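Here the structure is laid out as structure tokens; the discussion comes afterwards.
What follows draws every value from the coordinates through simple rules; no lab data is involved. As the structure is a computational prediction, the values presented were derived from the model and not from experiment. Here the Cβ is made from the backbone with ideal geometry for all residues, glycine too, and neighbour counts use every protein chain on show.
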Amino acid sequence: MMEKVKKIKSGDVRTASRLIRHLEDGMAEARATMKHLFPLTGHSHVIGITGSPGAGKSTLIDGLVESFRKKGKTVGVLAVDPTSPFTGGAILGDRIRMQRHAEDPGVFVRSLATRGSLGGLAKAVGDAIHIMDVMGKDIVLVETVGTGQQEVDIINHSHTVIVVLIPGMGDEIQAIKAGILEIADIFVINKSDREGSSKLRRELMAMLDMAPLSSFPAGWRPPILKCDNAFEPDGFVKSLEIMSQTIDDHYQHLIKHDLLGTRVHRKSAVELNEAIKCSVLEPVLAKLVANGELECMIEKLSKKETDPYTLAEEIAKRYLKAK
Amino acid sequence: MSEKKIRIMVAKPGLDGHDRGARVLARCFRDAGFEVIYTGCHQTPEQIASAAIQEDVDVVGLSCLSGAHRYLFPAVAKLLKEQGADDITVVGGGIIPEQDFQLLYDAGLKAIFVPGATLDSIVEWVKTNIKPRD
């Protein structure tokens, strides 16, 4: 196991990718390895990119990778795509936009499927970020699935959240709704050469103008950037330079105002929650499945012989012995 | 809870841009419950090998309809081997004349699918021959 830790520390892609896979598959020994990796983390700047399907997240990441590489930074990318609820299969296609970096040893791109997670990420993402961190990646970019309004798990894992929007997706009511628009540290209006771009910008401005000042951490009001057509390389590259500079500025802001800790705290809470689920809830469920009890309970329940609350209380009484 | 999934990469090496078949296959693998990484057209063997390692796939499925399979398929297999990843199974498909089969098998390919191969038979081959790794 120490051999594995050493290899990951040295940046070995095969070992890292295999470990991510074992975590996705829920293998116990992978968690044991994570125990050794966890204390070594804390180096990377983790950037979350979210937005609706087709907003251009993968293309922007491709551009950001180029921009960070020019500055001599190493980059990890975790790209999440949805798992089919019917077959369990998935098409992981984010990589298509990033393949020009495939041969750059300073870039490691790994695709993950959601496998039933609903928050816009895959369950293994938190650990995969740690692994890339231990590998020494300066920057870790996390791409969520194409999101709607509610998939906000990305804030639990990133230092900087970028919300990508495109013109023509709705009126000003959309902009005052709760959810995804609240989590942005930076807004990007992508495909801004399209009609409706300045209207979208105005709506976002109005939304931010109405937000309480206390919602801007140490005075960081999310800037609204624009990004032009990716097929016109000059403008695109320039937009990306500005974007990567703003990302750096945000990170410096977090450090300067001692805010990095609050983000790490948030992630720690989520990780502990997950780990408890994994160590407490899942073994109990597995036991009930294995001895057939769960099926019996479901049977009883569907015949209305009992109710789910009583059953859950019975199980809790049996397994939570303390007190 | 643990569940092992087959990860498979569908890739099109070289200058051939006919990706309908590759896309249909990708969809079909998805429906079979696999996790499919699709990398698009116009890939060099180096890009494909490197992506396969980064993604830790069990299988790389190469599609080529242009006639360059004699060069491109063995090149991918060789690069994987050089990088210590010859445990990744390489298979190929496309318009491939029978007299080229042996050359490709010798290069390390484990199966070749030509026009007329049904989707079911390809999925079945993967399910029979590939076990998600430990």
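What's the Cα-based Rg to Rh of chain B, Rh via Kirkwood?
0.93
Largest first, please: the extent of the C-alpha atoms of chain A along each principal axis, to the nearest Å.
Largest first, chain A extends 64, 51, 41 Å along its Cα principal axes.
From the C-alpha gyration tensor of region A:107-252, pull out the three semi-axes of the equivalent ellipsoid (sqrt of 5λ each), sorted largest to smallest, in whole Å.
25, 19, 17
When the label point is put 7 Å from the Cα of A:Ala312 along its Cα-to-beta-carbon vector, which residues of region A:121-152 have a backbone N closer than 17 Å?
Hits in region A:121-152 for A:Ala312 at 17 Å: none.
Which angle from 0 to 90°, rounded to the nearest 10, does the C-alpha axis of helix A:308-319 make with the longest principal axis of chain A?
70 degrees
Just counting partner chain Cβ atoms within 10 Å, what average do the residues of peptide B:6-16 show around their Cβ?
If you average over the peptide's residues, the count of other-chain Cβ atoms is 1.
What spacing in nm lies between the two simple spin-label points modelled at A:Asp248 and A:Lys303, each 7 Å away from Cα in the Cβ direction?
For the pair A:Asp248/A:Lys303, the computed spacing is 6.9 nm.
Using the Kirkwood formula on the Cα atoms of region A:210-297, what hydrodynamic radius do you get, in angstrom to one decimal?
One over the average 1/r among Cα pairs gives 17.7 Å for region A:210-297.
Test of understanding: what is the full-extension gain from A:Ala206 to A:Phe231, defined as 0.36 nm times their sequence separation minus their Cα-Cα distance?
Using 0.36 nm per residue and subtracting the Cα-Cα distance, I get 6.0 nm.
Would you calculate the separation in nanometres between label points at A:Ala290 and B:Arg27, each defined as 7 Å from the Cα along the Cα-to-beta-carbon direction?
4.2 nm
Working only with C-alpha atoms, what are the Rg and Dmax values of region A:226-273, expressed in angstrom?
16.1, 45
Taking the Cα centre as origin and putting +1 on Lys and Arg beta-carbons and -1 on Asp and Glu beta-carbons, what dipole magnitude results for region A:42-257, to the nearest 20 debye?
I would put it at about 160 debye.
If you scale each eigenvalue of the Cα gyration tensor by 5 and take the root, what three semi-axes come out for region A:271-319, rounded to whole angstrom and sorted largest first?
For region A:271-319, the ellipsoid semi-axes come out as 23, 12, 9 Å.
Could you give the angle, 0 to 90 degrees to the nearest 10, between helix A:13-24's Cα long axis and the longest principal axis of the Cα atoms of chain A?
Rounded to the nearest ten degrees, it is 50.
Residues of region A:74-115 with the amide nitrogen closer than 12 Å to a label point 7 Å from the Cα of A:Glu282, along Cα-to-Cβ, please.
none
Of A:Lys7/A:Lys70; A:Lys4/A:Lys123; A:Lys57/A:Lys277; B:Lys12/B:Lys81; B:Lys4/B:Lys81; A:Lys35/B:Lys12, which ones are farther than 28 Å apart at the Cα?
Checking Cα-Cα distances, A:Lys57/A:Lys277; A:Lys35/B:Lys12 exceed 28 Å.
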